[in-house]
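See structure below.
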Amino acid sequence: MNTMSLTTLERGKTTVDAAALEAFSAQLRGTVLSEGDAAYNEARTIWNATVDRRPGLIVCCVGASDVIKAVNFARENRLLVSVRGGGHNIAGSAVCDGGLMIDLSLMKSVRVDVAARRAWVGPGATLADVDKETQAFGLVMPTGINSTTGISGLTLGGGFGWITRKFGLTIDNLASADVVTADGKLLRASQTENPDLFWALRGGGGNFGVVTAFEFQLHEFGPQVLAGLVVHPFADAEKVLKEYRKALETAPDELTCWVVMRQAPPLAFLPAEWHGKEVLVLAMCYCGDIGAGEKATRKLRAIGTPIADVVGLNPFTGWQQAFDPLLAPGARNYWKSHDFTELSDEAAAVVTGAIAKLPGPECEIFVGHVGGAAGRVKADATAFPQRSSHFVMNVHARWREPAMDKACIDWARALYEAAKPYAAGTAYVNFMPEDEVDRIEAAYGGNYRRLLEIKKRYDPLNLFRMNQNLRPKESLRAA
């Protein structure tokens, strides 16, 4: 390995000589990649194709010892650091330009203790990895809706999906975490060990260190679930949304129903004449007794005159992957989001109006239905504070050609601004793109100051800054 010029925390350059690089590499169980290595381009490629950064070094870790050595090497040389779990984050914070990327994607183990109802999960595992292993034992933990998402980023930002209303956020089911902090120490964080760090990890993102193992509480569930889609003509959107809101007023925690608005993809169950036309989709999941689920979904399924209703029994692992084809890696993506305590007529009108201006066939708007068990946790119990939001809107601009960048990003931003007067003002950090640094304080609300103090305690250098960053005062000039 040759002498290398690497990017520093101050975005300058430093030179690391060949001997130091070779000594570092020799300490690792994993491998070190640099530009020119056969696996380099694959390792730096992540879900969002708008992100095209080139790390100086990629450390492919296979255990906590590798992570410790990588963190120490980065700190001692004041290198810009990024951390990759699943590489699914919209902001692309997994990849840095010119610095050192800590790649956890090989650390994918999932171990289930059936008697204790616990799972120990490696930071490189995807949601599919977790679901397949836990469901093999009739157990589950609440995660997100796209199975290729990494467990690390999802968890550290909060984590919500189809069964959140019943079992809480992903962080509400986190029992402990092993964390390599900026000083190279491996700490256990739980309610009884380093509880301040444990509090901050549950929603504070990757600001506090590199998690090398998660311990989760599991619940009895599955393997079958009542779930599916009801597809409506978009011309009926106003009526459908009003009835949707009304039906959810009495929805039990077991029932979750999200709204998706977009041009219809060529799904086999849709008549061909609807392919490419605007539709409104009610995507629902009932995580309980099937008979009770049939009754609970009745109001939603009785709305309007749908084009198709394919709600039925599905393997939960299959339902967790239902949206994967629409969210596959390789496309260019940009998101804007809002939290809503209620989906008012005014907010709904803004959202539906934007569908008439879709800039491309893969662009969509979804409204996630949350609340339930997740909403009954106090706002200051975890770093994640948005416990009163009943709906989360994500404006998902998705396209293929760089020439479409401006049109798609402008569309998402325009809708975001138009909906702002009706929103709660908070934000979900996992949905925030790279250009939303001005929303970080609002995202954490009353928890922001406490997070800054914990950040200052565990990472005063702000080594972990490739994220929705909490900057301790000492590092402001260097960041």
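Brief remarks follow.
- Whole-angstrom Cα spans of region 225-437 along principal axes, big to small: 50, 49, 33
- Available extension along the chain between residue 294 and residue 403 is 34.6 nm, counting 0.36 nm per residue and deducting the alpha carbon span.
- Shape of region 376-453, Cα gyration tensor, a/c cut at 1.5: prolate
- Taking the Cα centre of the chain as origin and assigning +1 to Lys and Arg Cβ atoms and -1 to Asp and Glu Cβ atoms, the resulting dipole is close to 660 debye.
- In order through region 315-321: 3J(HN,Hα) via Karplus (6.51 cos²θ - 1.76 cosθ + 1.60), integer Hz, x for Gly, Pro: x, 4, 4, x, 5, 4, 9
- Residues whose placed amide H lies under 5 Å from that of residue 465, excluding near-sequence neighbours: 81
- Cα gyration tensor shape of region 91-162, rounded if a/c is under 1.5, else prolate or oblate by comparing a/b with b/c: prolate
- FRET efficiency, 1/(1 + (r/R0)^6) with R0 35 Å, evaluated for residue 309 and residue 356 via beta carbons: 0.90
- In terms of packing, defined here as the mean over residues of other Cβ atoms within 10 angstrom, the peptides 209-218, 292-301, 392-401 line up highest first as 209-218, 392-401, 292-301.
- Relative to the dominant Cα principal axis of the chain, helix 64-76 is inclined by about 60°.
- q = 0.06, 0.11 Å⁻¹, the chain: log10 I(q)/I(0) [Debye, one scatterer per Cα]: -0.26, -0.89
- Using a Förster distance of 35 Å, the FRET efficiency for residue 275-residue 341 (Cβ separation, nearest 0.05): 0.45
- Principal-axis tilt of helix 237-248 within the chain, Cα atoms, nearest 10 degrees: 80 degrees
- Taking amide H atoms as placed 1.01 Å from N in the peptide plane, the amide H of residue 311 lies under 5 Å from those of 229, each 5 or more residues away in sequence or on another chain.
- The chain: calculated mean residue ellipticity at 222 nm from DSSP helix runs of at least 4, using -39500 (n - 2.57): -7000 deg cm²/dmol
- Protection proxy ranking of 249-256, 365-372 - average other beta-carbon atoms within 10 Å, highest first: 365-372, 249-256
- C-alpha long axis of helix 18-27 to longest principal axis of the chain, angle in °: 60 degrees
- Charge dipole of region 203-351 about the Cα centre (unit charges at C-beta), most positive-ward option of 269, 303, 210: 269
- Residue 52-residue 15 FRET efficiency (beta carbon distance; Förster radius 25 Å; 0.05 resolution): 0.50
Rule-based calculations on the coordinates, nothing more; no lab input. In this text, all values refer to a predicted model and were calculated from it rather than measured experimentally. Cβ atoms come from the backbone with ideal geometry, glycine included; neighbour counts cover every protein chain shown.
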